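Shown next, in structure tokens, is the structure this report addresses.
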Amino acid sequence: MPIEMEAKLKVDRLDPTRKRLQDLGARRLGNHLETNALYDTADTALEKKDEGLRIRHRRNLDDQSEDVILTFKGPGQPGAFKNRLEIETRVTDANAIAGILNALGYREGFSFQKKRESWELEACHVELDEIPHLGSFVEIEGANETIILDLQRRLGLKGIPTIKKSYIGLLLKWLKEQGQNDRTIVFPQT
């Protein structure tokens, strides 16, 4: 089963990391606007087990193509980085998969948007993320901690603490601190 291992780093700006990726010869994979809808049972059975069920709708900002991905995430594992089972599959109809989840007793409980620019360098994937209310993040995903730490250093991000909490967890914390109960977080319309 595929295991997701990543370092998530909060940064002030994405431009320096983007430039460094270009200088290192990384390949840009795409630029997307994602809408992530999280599903759980009424009694939050998945959340209680530190598991997640998500439908991600992605719109490619370069060519406007769209795709939908269904993801299950297992509970977090010990380690310096975010490390958990992740099973994903593309689906052709977001409404149909949402209907199936609803029929099985899962309901959409939270959704948020994310702007994501994806890069590949050697054996790692690097994501340049922007999240409403939270700002800019760099995620480095690789096969093991050594590879991730090496790329973090090469990108000039050494010494920046890693964040193990998910964007969902960070957003829910932010909402609580702001005294807000929003369950849908999107970018302001421009």
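The values are calculated or read from the model by the stated rules, or taken from the named source; none is laboratory data. Only a predicted model underlies this, so the values are computations on that prediction, with no experimental measurement involved. Please note: Cβ atoms are built from the backbone with ideal geometry, for glycine as well, and neighbour counts cover all protein chains shown.
Determine if the stretch 163-175 includes at least one residue that is of a type in the set (D, E, K, R), over 16 Å from Ala37 (Cα atoms), surrounded by 14 or more Cβ atoms within 10 Å (Cβ to Cβ) and modelled with pLDDT of 95 or more. No, the stretch 163-175 has no match at all.
Residue count for the stretch 34-53 under the criterion of being loosely packed, with under 15 Cβ neighbours inside 10 Å, charged (D, E, K, R) and over 21 Å from Glu6 (Cα atoms): the result is 2.
Within the bounds of the stretch 121-144, is there any residue that is small (Gly, Ala, Ser) and not in a loop (DSSP other than H, G, I, E, B)? For the stretch 121-144, residues small (Gly, Ala, Ser) and not in a loop (DSSP other than H, G, I, E, B): present. Residue count for the stretch 98-120, restricted to those that are closer than 20 Å to Gly169 by Cα and part of a strand (DSSP E or B): 10. For residues that are among the β-branched types (Val, Ile, Thr) and under 23 Å from Val186 (Cβ atoms), scanning just the stretch 54-110, find the one that is surrounded by the most Cβ atoms within 10 Å (Cβ to Cβ). The qualifying residue surrounded by the most Cβ atoms within 10 Å (Cβ to Cβ) is Ile55.
Cβ-Cβ distances below 7 Å connect the following pairs, each with a first residue in the stretch 24-52 that is touching a residue at least 40 places away in the same chain (Cβ under 8 Å), a second residue that is assigned to a loop (DSSP other than H, G, I, E, B) and not charged (D, E, K, R), and a separation of six or more residues or different chains: Asn31/Leu61; His32/Leu61; Leu33/Leu61; Tyr39/Tyr106; Asp40/Tyr106; Thr41/Gly105; Thr41/Tyr106.
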